[in-house]
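Chemist: Below are the structure tokens for one structure; questions will follow.
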Amino acid sequence: MSSPHLRSRVLMLALACAVALVGCADAPPKPVSFSDATREYRPTDYLSVYENWTRHAKMVHVDVGTLIEAWATYKSWDFRQAYVAQYASIYEDSDRAAILHSQLEASRTSYEFHVAVQTTTDRWNDLERKNTPWRVTLLDATGAELGPTSIQAVKLPELYESKFFPSRTDFTRSYEISFAHPGNGGQPFVGPASGRLILRLASPMGRIELVWDGK
């Protein structure tokens, strides 16, 4: 008959293996509004809006520790309006209406994410490569799935990124990931209208999911 100590060790190992397979996430964040409502944001509103649209998750593997950790900001129309307010204030750009219009058009044609990623080993942080072991997809509440149209590793000025995407650290690598709206092409992807978006980063060692639930 096994000892309580042995049973405890087996349970801890089982929990560690489960974490290694499906990853870890923070406590469920507050739901967001996927509406296309127009809002009047002030520059001081930016940080709270940014935090509202940013998700964090990590995958801990029993053998290597934290395999991957990511912070993803969904560039929704709501987020973009706060971004423009902050941008126009910092750079004293008077053509705010034109910037808003271009941001609105971008939100209507694609789902875009700014993603800061750090991995146990730098060489694993290669989402943009054709032979990467990572598979990046976007899912909605129905389970329908989209593949990315673009994954770009971006080197933004540190002062800029610290102000607009403060989740960055000295160990993260930044990506801009886009998924084209399927439009009327017959694809079953419903997107935000389903009430949920899930950005999934999967590899042979497991996956993480960053989730935005609608109100």
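The values are calculated or read from the model by the stated rules, or taken from the named source; none is laboratory data. Note that the structure is predicted; figures quoted are calculated from it, not measured. As a convention, Cβ positions derive from the backbone with ideal geometry for all residues, glycine included, and neighbour counts pool all protein chains shown.
Chemist: Output the number of the condition that L67 fails; it satisfies all remaining conditions of (1) touching a His at 6+ places or on another chain (Cβ under 9 Å); (2) modelled with pLDDT of 95 or more.
Modeler: (2)
Chemist: On to the next question. Kindly provide the set of residues from the range 114-139 that are in contact with a Leu (Cβ under 6 Å, 6 or more places away or on another chain) and either free of Cβ contacts under 8 Å to residues at least 24 places away in the same chain or not hydroxyl-bearing (S, T, Y) (or both), ordered by number.
Modeler: Residues satisfying the conditions are W134, V136, L138.
Chemist: Among the residues of the range 120-153, what is the count of those that are within 15 Å of the chain's Cα centre (by Cα) and in a strand (DSSP E or B)?
Modeler: Adding up the residues that qualify gives 11.
Chemist: On to the next question. May I ask you to say which residue of T169, T137 is of a type in the set (S, T, Y) and within 16 Å of E69 (Cβ to Cβ)?
Modeler: T169
Chemist: Would you be able to tell me the number of residues in the range 53-74 that are under 19 Å from E112 (Cβ atoms), of a type outside the set (G, A, S) and buried (at least 20 other Cβ atoms within 10 Å of the Cβ)?
Modeler: 6
Chemist: Further question: In the range 56-94, which residue that is of a type in the set (A, V, I, L, M, F, W, C) and in a strand (DSSP E or B) is nearest to the chain's Cα centre (by Cα)?
Modeler: If we take residues in the range 56-94 being of a type in the set (A, V, I, L, M, F, W, C) and in a strand (DSSP E or B), then A72 is nearest to the chain's Cα centre (by Cα).
Chemist: So, one more: Can you spot a residue in the range 82-91 that is at pLDDT 95 or above and closer than 19 Å to L210 by Cα?
Modeler: No, because not a single residue in the range 82-91 is at pLDDT 95 or above and closer than 19 Å to L210 by Cα.
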